[in-house]
Amino acid sequence: MAVTEVAQSRRIVTEIPGPKSRELQERRVAAVAKGVGSVLPVYVTRAGGGIVEDVDGNALIDFGSGIAVTNVGNADPRVVERSAEQLGRFTHTCFMVNPYEAYVDVCEALNRITPGDHEKRSILLNSGAEAVENAVKIARSATGRQAVVVFDHAYHGRTNLTMGLTAKNMPYKQGFGPFAGEIHRMPMAYAYRWPTGPENCGPEAAAMVIDQITKQIGADNVAAVVIEPIQGEGGFIEPAPGFLPAVVEFCRANGIVFVADEVQTGFARTGHMFACEHEGIVPDLITTAKGIAGGLPLAAVTGRADLMDAVHGGGLGGTYGGNPTACAAALASLEAIESDDLVGRAREIGDLMLGRLRKLAAEHPVIGDVRGRGAMIAIELVKDDKTPDTESLGKVLSYCHSQGLVLLSAGTYGNVIRMLPPLVIGDDLLNEGLDILADAFARL
Ligand SMILES: *Cc1c(COP(=O)(O)O)cnc(C)c1O
């Protein structure tokens, strides 16, 4: 099964996208529904480390990891080997029909590595949205309450319930309603845009949230507070210090299930195994997906045994949830994260990126904010008065793409550039990618 290693250097031999990619794009437009977009339509043949190779022979630098999924790198040999071995034995039985050990192994691993040393249980699913839906089902079943609290700039998925939980209308919700009821949206501690200044943001935002929950919903009616410990699609917004601990404390005092949606932040991405650890938060339930299995589709809800076990037998599940190949990949991927100390590597990546981006921001006032932790770093582009500068973002992104740097945007206002390199990327590629980004700003 050994695949020749992907050379760790950028190579641009055609314009981007090249002729073969453009041909494939024509076929795609005729065959694939328009609603599915692609940030950079170069068609991939192979990927590994910090490189994505395309059909035209280009080798691009990967600052996206397939949206924070290939934390251990693409096609990590251990992930490939272990999932291939599983594929050769059986492909599916459905855990609800005949169970298998790998599912139990993954749940044991999740119970071990997620924050808190209390007794835990897990359930495996297929996607992040499905994990969030199940966390809400579990919280409602365990508390007998209905209301769910979510936040401005939140992103939780594209199914009906999770569209309702997601803040941004376009493109996620437009025309797709009606949405589920009993969803209540609260202000987010967005330090860069907090009216009274970043230092007041955490405590003031927490006080507003607690006041609104109390006055508008009634704490006794709230089943769950669902929050991303660093918001992903919303623009890598780190809740201002003190905000999360205050919200957790309020939840504990009022029997509200605190759900950390770590679908994007999980598995070493932020320089901790989970982003909650940054402020010592121990969530009641935690949802995971993206970085869990080195690129294979898998998701999970992990949490307090008393909550997880409150649901009646047969109340949770799904045909494919915890597919054996995905479980094998997850076990290999988790071993790689731990044995290669990818938590430590994420911190190094963060230090390197933050250092260079802060210098760049000092030279270019269009970069209003540099933020994030570990290998989850963003810059927010603004005009003088902090008005979102989407025009500059478009120019920067298209220049970077033309030079073979896979780079994504984010943010409620569409003015944030986010960087999510695989945690196995080398410093050379990281610096080369940042050089391209710096050139893009110099050319504005
Ligand atoms: C991506 C994401 C989801 C949805 O995950 P899917 O696998 O796309 O369904 C949910 N929550 C967060 C925080 C995410 O980043």
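Quick one: which of GLY234, GLY321, GLY266 is more than 12 Å from the ligand (Cβ to nearest atom) and either among the charged types (D, E, K, R) or modelled with pLDDT of 95 or more (or both)? Step through it out loud before you land on a result.
On the way: GLY234 fails: more than 12 Å from the ligand (Cβ to nearest atom); GLY266 fails: more than 12 Å from the ligand (Cβ to nearest atom).
Exactly one residue qualifies, and that residue is GLY321.
Looking across ILE337, ILE379, one residue alone is buried (at least 19 other Cβ atoms within 10 Å of the Cβ) and part of a helix (DSSP H, G or I). It is ILE337. For the range 45-61, the condition holds for at least one residue, the condition being that it is surrounded by fewer than 17 Cβ atoms within 10 Å (Cβ to Cβ), within 26 Å of the chain's Cα centre (by Cα) and under 24 Å from PRO421 (Cβ atoms). Restricting attention to the range 134-172 and to residues that are open to solvent by 10 Å² or more (accessible area, probe 1.4 Å) and of a type in the set (Phe, Trp, Tyr), the residue that is nearest to the ligand (Cβ to nearest atom) turns out to be TYR155. Exactly one residue out of ASP369, ASP428, ASP384 is acidic (Asp, Glu), within 22 Å of GLU233 (Cα to Cα) and not assigned by TED's automatic domain parsing to the domain that holds GLY295, and it is ASP369. Of the helices (runs of 4 or more DSSP H) lying entirely inside the range 106-216, the ones with 1 or more residues being among the hydroxyl-bearing types (Ser, Thr, Tyr) and under 20 Å from LEU285 (Cα atoms) are found at 128-143, 160-165. The numbered conditions (1) in contact with a helix residue (DSSP H, G or I) (Cβ under 6 Å, 6 or more places away or on another chain); (2) surrounded by fewer than 22 Cβ atoms within 10 Å (Cβ to Cβ) are all true for THR387 except (1).
Counting only strands (runs of 3 or more DSSP E) that sit completely within the range 242-328, zero hold 1 or more residues that are over 21 Å from ARG145 (Cα atoms), in contact (Cβ under 8 Å) with a residue 12 or more places away in the chain and open to solvent by 10 Å² or more (accessible area, probe 1.4 Å). Restricting attention to the range 210-228 and to residues that are open to solvent by 70 Å² or more (accessible area, probe 1.4 Å) and in contact (Cβ under 8 Å) with a residue 60 or more places away in the chain, the residue that is farthest from ARG145 (Cα to Cα) turns out to be ASP220.
Looking for something more than 19 Å from the chain's Cα centre (by Cα), loosely packed, with under 14 Cβ neighbours inside 10 Å and either assigned by TED's automatic domain parsing to the domain that holds ASP435 or basic (Lys, Arg) (or both) - is there at least one such residue anywhere in the range 114-133? No, the conditions are met nowhere in the range 114-133. All conditions but one from (1) under 25 Å from the mean Cα position of the chain (by Cα); (2) of a type outside the set (A, V, I, L, M, F, W, C); (3) open to solvent by less than 60 Å² (accessible area, probe 1.4 Å) apply to ARG78; the one that does not is (3).
The values are calculated or read from the model by the stated rules, or taken from the named source; none is laboratory data. Please read these numbers as outputs of a predicted model, since none were measured by experiment. Cβ sites come from the backbone with ideal geometry, for glycine too, and all protein chains shown count toward neighbours. Heavy atoms of the whole protein, side chains included, go into the accessibility calculation; ligands, DNA and RNA do not. Shrake-Rupley method; radii C 1.70, N 1.55, O 1.52, S 1.80 Å.
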